[in-house]
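Nothing in this text is a laboratory measurement; each read-out follows from the coordinates by a stated rule. Since this is a predicted model, take the numbers as computed values, not measurements. Positions of Cβ are backbone-derived with ideal geometry, glycine not excepted, and every protein chain shown enters the neighbour counts.
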Amino acid sequence: MPRVVDHEERRWEIVFALWLVIAQQGIEGVSLRHVAAEAGVSMGRIQHYFGTKDALVLAGCTALVDRAYGGYQETADAAPRERLLHVMSQQIPRDDAGRVGVSVWYAYVAKSINDAAVRQVLAEARRGAEDECVRLIVADRDVSAEAALTQARRLLALADGLTLRVLVRDLEPDEALGMLEAEVGRG
C-alpha cells in the first residue's frame with residue numbers, strides 16, 4: 001500500500017531548513033545541497049517541490065510573511081489597540097528562535113535591494129501592515145485617515161528601530177515592548 005504524503009508538510013520542512021541555512025550562512029550561503037542536508041532530504045526532493053534555488057528563496061520569503069500574517073489573524077477577536085500593538089511588537093525577538101526569525105527577515109531585506117521578486121513580496125507586506133495599522137488607529141481613535149497614516153508610519157519606524165536594537169542585544173525585549181506599549185497607548 002502506498003504511503004500518504006503530506007506535501008504541505010514536506011514543503012514546510014524544506015522552507016524551515018532554508019531559514020536555518022539563511023540564519024547560519026546568509027542568503028548567499030543557500031544552495032540546494034545545503035538546504036537538502038539541513039532538511040534531511042535529497043536535492044531532487046527540493047527540486048520537485050520548488051524547482052530552483054531562486055524559487056525556493058522566494059517561497060521562503062513568502063512563507064515568512066504568511067506566517068507573520070497568520071499570527072496576526074489569531075488576534076481577530078482583540079480590540080483595535082491590542083491588534084495594533086501586536087502588529088508593532090510581533091517582529092521584536094523575545095528569545096533565540098525569534099532572533100533567528102528576525103535575522104532571516106533582515107537577510108531578505110538585504111536581498112531585496114537586488115532582487116525584484118523579493119522586494120515586491122516585502123514591499124507588499126509592509127504596505128499591508130501600514131494599511132492595517134491605519135485602519136486600527138482610525139478604529140481606536142478619533143482621527144482622520146491622514147493623521148492615522150502619520151501615526152502608523154511613526155509607530156512602524158519605531159518598531160523597526162527597536163527590533164534592530166534587540167537583535168544586536170543593545171536593548172532587552174521587555175524594554176522594547178514597554179516602549180511600544182507606551183507609544184501605542186499615547187494615541
### Query
Given the Cα-Cα distance of E172 and V100 and 0.36 nm per residue of separation, how much length would full extension add, in nm?
24.3 nm
### Query
Applying the Karplus parametrisation 6.51 cos²θ - 1.76 cosθ + 1.60 with θ = phi - 60° to the phi angles of the range 137-147, what ³J(HN,Hα) value in whole Hz is obtained for each residue in order, glycine and proline being reported as x?
5, 4, 5, 8, 10, 8, 9, 6, 4, 5, 5
### Query
Once you list every other residue whose beta carbon is under 10 Å from the beta carbon of L156, what net charge do they have if Lys and Arg are +1 and Asp and Glu are -1?
+1
### Query
Roughly how many whole Å is it from the C-alpha centroid of the range 118-160 to that of the range 19-54?
34 Å
### Message
For the pair D160/R33, report the inter-label distance in nm, with labels modelled 7 Å from Cα in the Cβ direction.
### Response
3.7 nm
### Message
Can you pull out the trypsin sites (Lys or Arg not before Pro) in the range 118-187 whose DSSP state is coil and whose Cβ has at most 15 other Cβ atoms within 10 Å?
### Response
R141, R169
### Task
Mind sorting K111, K53 by how few other Cβ atoms lie within 10 Å of their own Cβ, fewest first?
K53, K111
